[in-house]
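Below: the structure, in structure tokens.
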Amino acid sequence: MNGAPALVPLPYSPDQVAARLGSDWQPTLRSAHRWMILARTLDARMQALQRQGRVGFYGAATGQEAVNVAAGLASRPEDWVYPGLREQLVALVRGHPLVTYAHHLFADNLDPGRGRNMPCHPTAQEVRYVSMSSVIGTQIDHAVGTAFALRHRHEPGAVLAFFGDGATSSNDFHAALNFGAVWGAPVVFCCTNNQWAISVPVTHQTAAPSLAAKAAEYGLPGRQVDGTDFVAVFAEVRAALEQARSGGGPTLLEFVLYRMTAHSSSDDPTRYQPKDWAARAVAHDPVARLEEWLGRNRLLDADQRAAVAAECESAVRDAVEAAEATIPPVPASLTEDVYASGSTGWTD
Ligand SMILES: Cc1ncc(C[n+]2csc(CCOP(=O)(O)OP(=O)(O)O)c2C)c(N)n1
Ligand SMILES: [Mg+2]
């Protein structure tokens, strides 16, 4: 495949940004920046805590923040999210409390999943963020099923289905695109092409000209998007969600970006990545890219940047402290939520 498109500095003038984001573009960009810094702060802290043995596992989303924040901000409360490993920020942007996510990461008694899932596999029912399956690709089919159900019940909303470049080689990806298109299901397929599936480069994953190109054979539109450009991702996700909601069927969006960390805390990428990868990834850092543009357009100065960083540091510190002060799941919880007894808590 032809790999990443040429990534250029944010090409937008403020007028173009306003046109693509709408009238409230300045608060949207400031809010996006704050969320991206929070995510990066959380990633750095959790990777350090994992190495100290204080959390069991961590899968960072460093380099993928623009996609997560843009998708979160472009979605509506009635929409659903089926994530892969690196989309927890979408739940936070949609209103899942940071401290609840910290309870999940520490698998404590206030984790909504009571420590049953690996860290980075939260469930956030109140924001329609469905617990991730570690089995690569399976969530894409589940997302299509939910989208079909929404339409069948005449309920509003659409579904965001996230998965990586590696997941495009799973059977589920192909079944989901096929039936999503056949049924005209209100789903947006969001492929985060970070160019690696653990140690397998995307160039070994497919001979197709791009991952987005696969959409055509299933009869739905597919577009490659620069996933390091917040404005581009926001505009594309918003348009695809609108199309889905209005009965126009699914879209496949391929977000090309760079994995800036190891696959997870269990991985050592120096054993397989080319020596210049880290430098190439840093050159395509979505946070630096947005900050550079905000600075150039006088929307962010050094003091404001420092204030955002301090606010995020303190939010992460408070969340970690609250989690570490919480007891592990009580033994009796082992049998809770296993069998349905009366109401499941879900409304239908
Ligand atoms: C069915 C299945 N096969 C293999 C694995 C092991 N595994 C975990 S993550 C991963 C790579 C996923 O790569 P990609 O889809 O590109 O997502 P990324 O981790 O890069 O975000 C693999 C092979 C798995 N979890 N499930
Ligand atoms: Mg990948």
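The table for this structure:
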read-out	value
Residue match in region 110-125 (condition: part of a helix (DSSP H, G or I) and surrounded by fewer than 24 Cβ atoms within 10 Å (Cβ to Cβ))	yes
One residue from L220, L257, L150, L177 being within 13 Å of ligand 1 (Cβ to nearest atom) and in contact with a strand residue (DSSP E or B) (Cβ under 8 Å, 6 or more places away or on another chain)	L257
R86 in contact (Cβ under 8 Å) with a residue 40 or more places away in the chain and more than 15 Å from ligand 1 (Cβ to nearest atom)	no
Any hit, region 94-111, residues being within 16 Å of ligand 1 (Cβ to nearest atom) and either touching a residue at least 12 places away in the same chain (Cβ under 8 Å) or in contact with an Asp or Glu (Cβ under 7 Å, 6 or more places away or on another chain) (or both)	no
Residue list for region 238-266, filter: more than 16 Å from ligand 2 (Cβ to nearest atom) and within 23 Å of T206 (Cβ to Cβ)	A240, P250, T251
Residues of region 158-176 satisfying the condition of being within 15 Å of ligand 2 (Cβ to nearest atom), in a helix (DSSP H, G or I) and polar (S, T, N, Q)	T168, S169
Looking only at region 180-217, and only at residues there that are among the β-branched types (V, I, T) and under 30 Å from R153 (Cβ atoms), the one that is farthest from ligand 1 (Cβ to nearest atom)	V182
Answer from A215, A185 - the residue that is touching a residue at least 12 places away in the same chain (Cβ under 8 Å), in a helix (DSSP H, G or I) and under 16 Å from D172 (Cβ atoms)	A215
Odd one out for P269, checked against (1) more than 16 Å from ligand 2 (Cβ to nearest atom); (2) more than 19 Å from the chain's Cα centre (by Cα)	(1)
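One line per residue, one yes/no per condition, for (1) more than 15 Å from ligand 2 (Cβ to nearest atom); (2) of a type in the set (G, A, S):
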residue	(1), (2)
A197	no, yes
V202	no, no
A207	yes, yes
A215	yes, yes
L220	yes, no
G227	no, yes
F230	yes, no
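Just so you know, all these numbers are worked out from the coordinates, no wet-lab data involved. In this text the structure is predicted, and so the values were computed from the model without any measurement. FYI the Cβ positions are ideal-geometry reconstructions off the backbone, even for glycines, and counts take in every protein chain you see.
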